[in-house]
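One structure is given below, encoded as structure tokens.
Only the coordinates and a few stated rules stand behind these numbers; no lab work does. Please read these numbers as outputs of a predicted model, since none were measured by experiment. Note: ideal-geometry Cβ built from the backbone for every residue, glycine included; neighbour counts use all protein chains shown.
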Amino acid sequence: MVTTCPTCCKHRQNHAEPMIASPLPERPWQKIATDLFHHNGKDYVIAVDYYSRYFEVAPLKITTSENVVNHLKSFFCRHGIPEIVMSDNGPQFSAATFSKFADEWGFTHLKSSPYYPQSNGEAERAVKTAKSLFVKSEDPYLALLSYRTTPLQNGHTPAELLMGCKLRSTLPLSPEKLKPMLLDTEQLRKNKQTYKRQQTQGYNKRHRAACLSDLSPGETVWLPEMSSPAVVVSKSPKPRSYIVQTEKGTVRRNRRQVVPSPKEPVMRESQPTNESTSENISCPNSMSDNVVRTRSGRVVVPPNRLNL
């Protein structure tokens with residue numbers, strides 16, 4: 001009934017699909033995610049490392065692509081040029097200036113699904129952490145230092161995973177602890193894989209995740225965020241993404257953002273009637289003489305009282 005209702009399909013939300021955990025990079029600062037966020041009247045750009053969860057933050061005077069590129073260059077000159085940079089589809093990252101920056105500096109720029117922040121979850125989680133640090137501390141730089149020197153679930157700090165050594169902070173620390181060290185990368189990788197597996201299982205169980213049905217080219221769908229119908233053109237190379245044709249042009253959307261159009265109701269076959277039974281139906285003898293009918297045509301059967 002619901003699948004054949006146009007109004008229900010327009011306002012229906014697709015359920016969550018099983019989490020696709022991002023693969024762990026082989027080394028620090030190999031793959032990073034970047035994003036822009038607004039906090040307390042100011043704009044910031046953030047870049048987080050997939051391997052160490054170490055992130056850099058810088059305030060923006062103006063949110064232009066040129067200004068974002070300059071701050072990313074300052075991040076890269078400290079930690080090196082990553083191989084992959086993940087971002088959303090904001091105008092700062094979709095501009096020709098950023099494409100030129102990626103070509104000149106030699107990294108691959110990947111974009112997440114439009115209007116689907118979960119596909120850039122690493123940057124979104126770093127933004128949430130940065131905002132929490134800024135709210136709880138009067139000195140934002142001291143707050144960032146505290147985060148970078150706090151051990152993660154694997155027992156190592158973000159600074160250790162990125163730089164191979166602990167950072168000196170306001171907490172007392174033995175000089176021996178500040179010496180560079182070599183980490184057991186194999187054991188670290190196993191711990192991270194176990195953590196990611198537990199995280200994926202918890203998400204799937206908490207959200208009751210299930211795979212959505214595949215869409216076929218030419219199928220009519222509905223885009224809730226645009227309040228517009230669309231037609232599926234093809235399946236995108238990106239996971240769970242489709243290229244759809246709308247009234248405003250061709251766009252890419254995640255499967256959760258695409259609602260299939262209502263299906264035609266299935267007509268049930270009429271049940272064969274038993275003619276012999278219908279023809280042999282007759283009123284009781286007691287009703288044959290004085291038949292009383294209601295306005296709708298039903299026969300009124302008087303009750304039998306004391307079998308009189």
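Just tell me, in residue order, which DSSP H segments of the chain are both 20 angstrom or longer along the helix axis (alpha-carbon based) and at least -0.5 in mean Kyte-Doolittle hydropathy.
65-79, 121-136
Just want the ordering: Y147, Y141, Y242, from fewest to most Cβ atoms lying within 10 Å of their own Cβ.
Y141, Y147, Y242
Go ahead and estimate [θ] at 222 nm for the chain from helices alone: -39,500 (n - 2.57) per DSSP H run with n ≥ 4, summed, over the residue count, rounded to 500.
-9500 deg cm²/dmol
Hey, can you rank 156-165, 191-200 by average C-beta count inside 10 Å, highest first?
Top to bottom by mean Cβ count within 10 Å: 156-165, 191-200.
Just to confirm my numbers, what's the Cα centroid distance between region 119-195 and region 10-33 in Å?
What the calculation gives is 21 Å, centre to centre.
In cubic angstrom, how much convex hull volume per residue do the alpha carbon atoms of region 31-204 span?
Given the Cα convex hull of region 31-204, per-residue volume reads 138 Å³.
At R0 = 35 Å, how high is the FRET efficiency between K177 and T63 if r is their beta carbon distance? Nearest 0.05 is fine.
Approximately 0.30, to the nearest 0.05.
Looking at the chain, what % of the alpha carbon pairs are farther apart than 30 Å?
The answer is 54 percent, as a whole percent.
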